[in-house]
Amino acid sequence: MSKRDYYDILEVSKTGNETEIKSAYRRLAMKFHPDRNPGDELAEGKFKECAEAYAILADPQKRAAYDRFGHAGVSSAAGGGAGFDPSVFAEFGDFADVLGNMFGFGDLFGGGGRRRGGPQRGADLRYDLEISFEESANGAETSVQIPRQETCETCRGAGSAPGSSASTCPQCKGHGQVRFQQGFFTVARTCPQCRGAGQIITKPCTACRGAGRVARDRKITVKIPAGIATGQQLRLIGEGEAGAAGGPAGHLYVVVHVHEHPFFRRDGINLFCEIPVNFTTVTLGGDIRVPTLDGHDKVKVPEGTQTGTTLRLKGKGMPDVNGHSRGDLFATIQVQTPRKLTKEQRKLIDDLAKALPKDNFEPRARGEGEGQDERNLFDRVKDMFG
Ligand SMILES: [Zn+2]
Ligand SMILES: [Zn+2]
């Protein structure tokens, strides 16, 4: 299997300095972090790949060896199973704050080895939340009902009836493992009696039948930040299932689905719409009303404005969910041809027709305006405004 170049992985140049490498790694680690991409193996792979690349490039000696000899020069340091080095993260003070439980994904890094029966982190939960377009634009607070396992209040998760306590497992004497001889070897196995816990509940709690956890339907308030888009998720720390044997609770991931708007279409933080305008207005120029998220804006169009012209209303798009800025609103003019005319109107247009040349007013440049409608409106607008 060929390995990717570490500089390519971190998207930095070969001459990039320490700060550049660090910030590149930080950005990518945030992007691909398992907490943000639960269940996404591709992201997980990239996350590990970035960690490996950073472990080499952040160390001047290893980096020099890599520059000279490539992957062969550092294979013992980073290759194969060496994998993830948590110390790499230690220097990012605020990093853990952004992502929360950094090392909750023990299995991810081949850590394994967690003693069965000991404290275990509760499972993460997922909730799919549908919201209206307006809620995504303005932000909202809503509550969701989640069925989940919670720590039993009667025994506080211990599993033993109040007043009694668990006793040491007689089979393993509290070790959680039993050893037995197999030929010349001593083999250790998880204790079958206590399933590795080292203790057995002699008088089980009646509320949870000794499980330490009970199923509950819990109403949880979710704050939806303005600007959130379909597919984005909110993480509610500790609102997942209760942990076992004193382990921390899992997280609740609320995956947001935003309903379509009948008039606006969204692309990133920008909004797009089409506005029908009477042909006389664009011919003579004048004010038109453009619907916005908060009402209407009056916009002046110049004389001779063509159909398909796109107006850009700065700051009238969606709020940026990660910042304080707002996107823009792109309104494309669709000139309307009157369908029904009164006698009087017909006469006026008839007179106008006589005064104007019969053919196209001016010869069109090659390609201009042709096949325009075959292309997606958004592509055209993007070309226009970059
Ligand atoms: Zn209980
Ligand atoms: Zn045991």
Qualifying positions in the range 174-190 - open to solvent by less than 100 Å² (accessible area, probe 1.4 Å), free of Cβ contacts under 8 Å to residues at least 24 places away in the same chain and either within 10 Å of ligand 2 (Cβ to nearest atom) or within 19 Å of residue 244 (Cα to Cα) (or both): 177, 178
Strands (runs of 3 or more DSSP E) lying entirely in the range 173-245 (those with 3 or more residues that are within 16 Å of ligand 1 (Cβ to nearest atom) and more than 19 Å from residue 125 (Cβ to Cβ)): none
With respect to the numbered conditions (1) outside any loop (DSSP other than H, G, I, E, B); (2) open to solvent by less than 100 Å² (accessible area, probe 1.4 Å), which one is the sole condition not fulfilled by residue 317? (1)
Qualifying residue in the range 150-172 (condition: within 16 Å of ligand 1 (Cβ to nearest atom), closer than 21 Å to residue 119 by Cβ and among the basic types (Lys, Arg)): yes
Being away from ligand 2 (no atom under 16 Å from the Cβ) and surrounded by fewer than 20 Cβ atoms within 10 Å (Cβ to Cβ) narrows 243, 247 down to just 247
Could you run through the range 152-173 and say how many residues are of a type in the set (Gly, Ala, Ser), touching a strand residue (DSSP E or B) at 6+ places or on another chain (Cβ under 8 Å) and surrounded by 16 or more Cβ atoms within 10 Å (Cβ to Cβ)? 5
In the range 2-19, the residues that are surrounded by 15 or more Cβ atoms within 10 Å (Cβ to Cβ) and within 19 Å of residue 61 (Cβ to Cβ): 6, 7, 10, 12, 16
Here's a check for you: in the range 14-61, which residue that is of a type in the set (D, E, K, R) and outside any helix (DSSP H, G or I) is nearest to the chain's Cα centre (by Cα)? 36
Determine, yes or no, whether residue 307 is assigned to a loop (DSSP other than H, G, I, E, B), open to solvent by less than 90 Å² (accessible area, probe 1.4 Å) and polar (S, T, N, Q). yes
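The values are calculated or read from the model by the stated rules, or taken from the named source; none is laboratory data. Note that the structure is predicted; figures quoted are calculated from it, not measured. Cβ coordinates were reconstructed from backbone atoms using ideal geometry, including for glycine residues, and neighbour counts include every protein chain displayed. To get the accessible areas, we keep the full protein, side chains included, count just its heavy atoms, and leave off ligands, DNA and RNA. Shrake-Rupley method; radii C 1.70, N 1.55, O 1.52, S 1.80 Å.
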